[in-house]
Amino acid sequence: MTTSSSERGVSLGMPELPAPAYPDDVRARLEADAREVIARYPDSRSALLPLLHLVQSEEGHVTRTGMRFCADMLGLTTAEVTAVATFYTMYRRRPSGDYQVGVCTNTLCAVMGGDAIFETLQEHLGVGNGETTDDGKVTLEHIECNAACDYAPVVMVNWEFFDNQTPASAKRLVDDLRAGRSVQPTRGARLCTFKETARILAGFPDERPGAVEEGGSAGPASLVGLRLARGETAPARVVHPRGGPHEEPQDRAHEPSPAEHLSSHDAPLDTSASDPSHPAGPTAEEGE
């Protein structure tokens, strides 16, 4: 005796209908922009990433219609476009807010307060990870490392840096965004909406007066290693290792000697390189 799929509790469902096309005027405008992007590359399929940003700038996220458009322009299948659009987290797959507020919860930012910031914002905004406030202004998400560990904990809004944040400052930030107040990143140009950011990422110029000149650069903390490599040694305050005798601060900072350390966290440890009783070296010859 055989059983039907319905009797087995299996729903085969209906095949998904093709994605609807853009309205004629929208498609004509996007085609002109897409051709400009494609012309930059010797192989047209190399333009897929910026084209996904382009369609994201139209609707605020990458829709099935947008992926169909990219496939048509590049001679790809929708499956090939979908594989790329679903791989990169910078492409949104559902409607999102004007401001993407990302809290770094990777290791350093997390231990410096990123986890606390993220939990505070979830409660303050009443949304979970990847969710958007009712007014459509803010989408909250936890994100991976943004290479700004020297300013941890870091919050990003539409990929612009807000360094050295606290739960209180992060709450003020999202309140300002929702109220429409002007917000200036720690480094970089003043904020624009997520759609405007997506168009810039597609390779089109930022046409706001003065925005390019406001572009971000490495901050002082990021350049310490470079200055040391160049032999530029600025006066430094020496913090003696924990447990050592307390000394009153001197009137003038002095250059640390090789035996002094800029932080008590930098105190030397007994390792195979510094412990004569346990010299470094291979435990066996190659091939043994």
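The values are calculated or read from the model by the stated rules, or taken from the named source; none is laboratory data. Treat the numbers as computed from the prediction; the structure is a model and nothing was measured. Quick reminder, even Gly has a Cβ in these numbers, built from the backbone with ideal geometry, and neighbours come from all protein chains shown. Note: areas computed on protein heavy atoms with side chains; ligands, DNA, RNA excluded. Shrake-Rupley method; radii C 1.70, N 1.55, O 1.52, S 1.80 Å.
Tabulated results
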{"read-out": "Test result for residue 192, out of contact with any strand residue (DSSP E or B) (no Cβ under 8 Å at 6 or more places or on another chain) and in a loop (DSSP other than H, G, I, E, B)", "value": "yes"}
{"read-out": "Out of 108, 173, sole residue that is closer than 30 Å to residue 223 by Cα, of a type outside the set (S, T, N, Q), surrounded by fewer than 18 Cβ atoms within 10 Å (Cβ to Cβ) and touching a residue at least 24 places away in the same chain (Cβ under 8 Å)", "value": "108"}
{"read-out": "Test: residue 168 is part of a helix (DSSP H, G or I), free of Cβ contacts under 8 Å to residues at least 40 places away in the same chain and closer than 18 Å to residue 109 by Cα", "value": "yes"}
{"read-out": "Selection status of residue 160, open to solvent by 10 Å² or more (accessible area, probe 1.4 Å) and closer than 24 Å to residue 198 by Cα", "value": "yes"}
{"read-out": "Count - residues of segment 173-208 that are β-branched (Val, Ile, Thr) and within 22 Å of residue 122 (Cβ to Cβ)", "value": "2"}
{"read-out": "Matching residues, segment 195-222, being part of a helix (DSSP H, G or I), open to solvent by 60 Å² or more (accessible area, probe 1.4 Å) and farther than 22 Å from residue 37 by Cβ", "value": "220"}
{"read-out": "Members of segment 66-75 found to be touching a helix residue (DSSP H, G or I) at 6+ places or on another chain (Cβ under 8 Å) and part of a helix (DSSP H, G or I), listed by number", "value": "66, 67, 68, 69, 70, 71, 73, 74"}
{"read-out": "Matching option when the condition is more than 17 Å from residue 95 (Cα to Cα), out of contact with any Lys or Arg (no Cβ under 9 Å at 6 or more places or on another chain) and not small (Gly, Ala, Ser), among 134, 115", "value": "115"}
{"read-out": "Residue 17, sole failed condition from (1) open to solvent by 80 Å² or more (accessible area, probe 1.4 Å); (2) modelled with pLDDT of 95 or more; (3) under 21 Å from residue 95 (Cβ atoms); (4) not hydroxyl-bearing (Ser, Thr, Tyr)", "value": "(2)"}
{"read-out": "Test: residue 42 is outside any helix (DSSP H, G or I) and at negative phi", "value": "yes"}
{"read-out": "Members of segment 36-80 found to be open to solvent by less than 70 Å² (accessible area, probe 1.4 Å), touching a residue at least 40 places away in the same chain (Cβ under 8 Å) and either over 25 Å from residue 158 (Cα atoms) or β-branched (Val, Ile, Thr) (or both), listed by number", "value": "37, 63, 65, 73"}
{"read-out": "Qualifying positions in segment 20-61 - at pLDDT below 95, among the aliphatic types (A, V, I, L, M) and under 26 Å from the mean Cα position of the chain (by Cα)", "value": "none"}
{"read-out": "Failed item, numbered, when residue 126 is tested on (1) buried (at least 18 other Cβ atoms within 10 Å of the Cβ); (2) out of contact with any helix residue (DSSP H, G or I) (no Cβ under 9 Å at 6 or more places or on another chain); (3) not aliphatic (A, V, I, L, M)", "value": "(1)"}
